[in-house]
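Please read the structure below before turning to the comments.
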Amino acid sequence: MIYQPPTALPRDLLNDDEMQRALISHDFGTAFRLARERAGISYSKIAAECDIKPDRVGTLARGRGRITTFEKIVQIADALRVPGHLLGLAHRPWETDAAPAGTSRTENGPHVSRRTILQTATSTGLAATLPALHRPDPPRRITDAYVDRLRERTARLRRLDDVLGGGDTYRVYLGEVQYTKGLLRRGSFTDYSRRRLTALLAEQAQQAGWAAFDGGRTRDAESLYEESRDFARDAQDSDLYGNSLASRLQHHRGQPAHGRCVR
C-alpha cells in the first residue's frame, strides 16, 4: 500500500486555478496558505512532511522568501502529492498513471521517447518540439503578469532535464537567458517588475550553467554561475544569491549537477 501523507492536497484544491498558478510559478508560500485555508492542513503538518522549520513555513505563507533548491521542490511535491507536471518535474513514483520507464509525458499527454525528441530536435530545434512553450510576445511595458508567464515557461522548460542531457538543453536554456537580457535592456518596467524579471534571469542563468556543466562546457558554466550571482544580487534575492554561490562551489569541486535551480 502506498503511503498517503496527511498533507496530501485534495483533488478539488489541486484543480483550483489559484493553487495551480501558485504551483506552476513555484510560489509555495501561497500553496501552503491555500492548503491550510481550504483543506485544513496545518503548517505544522506541512513542516513535518516537507522537513521545513515551522516558522519558515509561516514566513513563506506570508509571502516572504522562496524555495530555490531542486531537492526541496521534489520533497514538497511528494508531501503535498502534487503531480509532477505542475512543478516541471517528471511523474512522481506515487502517481498511478506514471509514465513507463524510458518515456516522458509531455504537457499535452502523450508519451514521447528520448530518441523521438532528439530526432525532432536535430531537424527543427528543441523549442519547436514543445508547442505549449512558444515564447509569449512581449508587451510594450513589461508587467507583473508577463513576468508570471515567463516564469511559467521557465518552469515547463525545466522538464527537458528529465528527458535530455546538458549537451542537448544548453542552447535552449542559454536562449532563454539571452531573451530575458534583451527584455531588461529594451523594456519599460515598474521597479518591482524589473526586480522580478532580474530574479528570473538569475534562475535562468543558473539553469543554463547546470546544463553547460553537464555538457562539459566548464568555462561557459563558470561564466553563467557568475552572471547568476550578479543578477541575484541586483534583484536583492538572498536565496538565489546563496544558491548561485553553492553552484559555483559544486562546479569547482567537479561534482555532477544533481540539483537544479527551481523556484
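Residues SER44, SER188, SER228, sorted by accessible area with the largest first, give SER44, SER188, SER228 [1.4 Å probe; ligands and nucleic acids excluded]. Here segment 1-79 is treated as a Stokes sphere of Kirkwood radius computed over C-alpha pairs; at 37 °C and 0.692 mPa s its diffusion coefficient rounds to 263 µm²/s. Coupling constants for segment 6-20 follow from the phi torsions by the Karplus curve (6.51 cos²θ - 1.76 cosθ + 1.60, θ = phi - 60°), and in residue order they are x, 9, 4, 6, x, 4, 5, 6, 4, 7, 5, 4, 5, 5, 5 Hz; glycine and proline get x. Straight Cα distances below 20 angstrom link LYS45 to the lysines LYS53, LYS72, with same-chain residues fewer than 8 positions distant left out.
Here the calculated FRET efficiency for ASP144 and ALA48, from their Cβ-Cβ distance with R0 = 41 Å, stands at 0.75, rounded to the nearest 0.05. Label-to-label distance for LEU184 and GLU226 is 1.5 nm, based on points extended 7 Å past Cα in the beta-carbon direction.
Amide hydrogen proximity for THR69: with H placed 1.01 Å from N in the peptide plane, the residues at 5 or more positions away or on another chain lying under 5 Å are VAL262. Inter-label distance, TYR3 to THR218: 4.0 nm, where each label sits 7 Å from its Cα along the C-beta direction.
The values are calculated or read from the model by the stated rules, or taken from the named source; none is laboratory data. Only a predicted model underlies this, so the values are computations on that prediction, with no experimental measurement involved. All Cβ positions, even for glycine, are placed from backbone atoms using ideal geometry, and neighbour counts span all protein chains on display. All accessible areas refer to the heavy atoms of the entire protein, side chains included, with ligands and DNA or RNA removed. Shrake-Rupley method; radii C 1.70, N 1.55, O 1.52, S 1.80 Å.
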